[in-house]
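Before any comments, here is the structure.
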Amino acid sequence: MKLLKLSILFLVLNFGALAIGSWLMASGPQTEWYANLNKAPWTPPGWVFGAAWTTIMIFFSIYMAALYSKRSTTKVVLLFTVQFVLNIIWNFIFFNQHLIGLGLFTIILLTAIVLIFLVDYKETLGLKSFLILPYFVWLCIATSLNMYILIHN
């Protein structure tokens, strides 16, 4: 029962972060600025982003619930909080403010935080560690997209 309650809590937090991030980017992906950027040839169609983030946040919520139930340490809370903030502010930095370089720095930090989760808690969570892998892989792809835009625009 505790794991279910924690899963619901993290679902609310993680989808709340997505909602805040979407609000802060305004209509970023539909703007003339974004449409006119030279984007990477491997940029997925727009609908993939929504599907990916939905799946990622469900898995990450289950991951965080499992981790927090075993290790409710200050480090876990701090890592989650930093991840939460970085995930939200990237949208504002990149889409709203058009600060591509700062966006790249932000997404690299976010990727590093997710990698810390993956590496530092793999023994604690065992196979459940794989639940954070889609988040890490997606961030690697997103980082490459951000870097391409920085280099080619």
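The values are calculated or read from the model by the stated rules, or taken from the named source; none is laboratory data. Computed from a predicted model, the values in this text were never measured in an experiment. Cβ placement follows ideal geometry from the backbone for every residue including glycine, while neighbour counts extend to all protein chains displayed.
Residues are listed down the side, and each one gets a yes or a no for (1) hydrophobic (A, V, I, L, M, F, W, C); (2) under 19 Å from Ile107 (Cβ atoms); (3) modelled with pLDDT of 95 or more:
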{"position": "Val12", "(1), (2), (3)": "yes, no, yes"}
{"position": "Leu24", "(1), (2), (3)": "yes, yes, no"}
{"position": "Ser27", "(1), (2), (3)": "no, no, no"}
{"position": "Gln30", "(1), (2), (3)": "no, no, no"}
{"position": "Trp33", "(1), (2), (3)": "yes, yes, no"}
{"position": "Leu37", "(1), (2), (3)": "yes, yes, yes"}
{"position": "Trp42", "(1), (2), (3)": "yes, yes, yes"}
{"position": "Trp47", "(1), (2), (3)": "yes, no, no"}
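Criterion first (under 18 Å from Met57 (Cα atoms), in contact (Cβ under 8 Å) with a residue 12 or more places away in the chain and surrounded by fewer than 18 Cβ atoms within 10 Å (Cβ to Cβ)) does Ile141 satisfy it?
yes
Looking at Lys39, is it farther than 16 Å from Trp138 by Cβ, over 17 Å from the mean Cα position of the chain (by Cα) and surrounded by 13 or more Cβ atoms within 10 Å (Cβ to Cβ)?
Yes; evaluated as a whole, the condition is true for this residue.
Looking at Leu133 and the list (1) within 18 Å of Thr73 (Cα to Cα); (2) within 13 Å of the chain's Cα centre (by Cα); (3) surrounded by fewer than 15 Cβ atoms within 10 Å (Cβ to Cβ); (4) of a type outside the set (Asp, Glu), which single condition is not satisfied?
Every listed condition holds for Leu133 apart from (1).
When you scan segment 88-102, do you find a residue that is closer than 24 Å to Ile8 by Cβ, of a type in the set (Phe, Trp, Tyr), surrounded by 18 or more Cβ atoms within 10 Å (Cβ to Cβ) and modelled with pLDDT of 95 or more, even just one?
Scanning segment 88-102 turns up no residue that is closer than 24 Å to Ile8 by Cβ, of a type in the set (Phe, Trp, Tyr), surrounded by 18 or more Cβ atoms within 10 Å (Cβ to Cβ) and modelled with pLDDT of 95 or more.
Please note which helices (runs of 4 or more DSSP H) are completely contained in segment 76-153 and include at least 3 residues that are under 29 Å from Asn38 (Cα atoms).
Because the criterion is at least 3 residues that are under 29 Å from Asn38 (Cα atoms), the helices (runs of 4 or more DSSP H) in segment 76-153 that meet it are 100-120, 133-152.
Restricting to segment 119-144, what's the tally of residues that are within 16 Å of Ile107 (Cα to Cα) and polar (S, T, N, Q)?
So the answer is 2.
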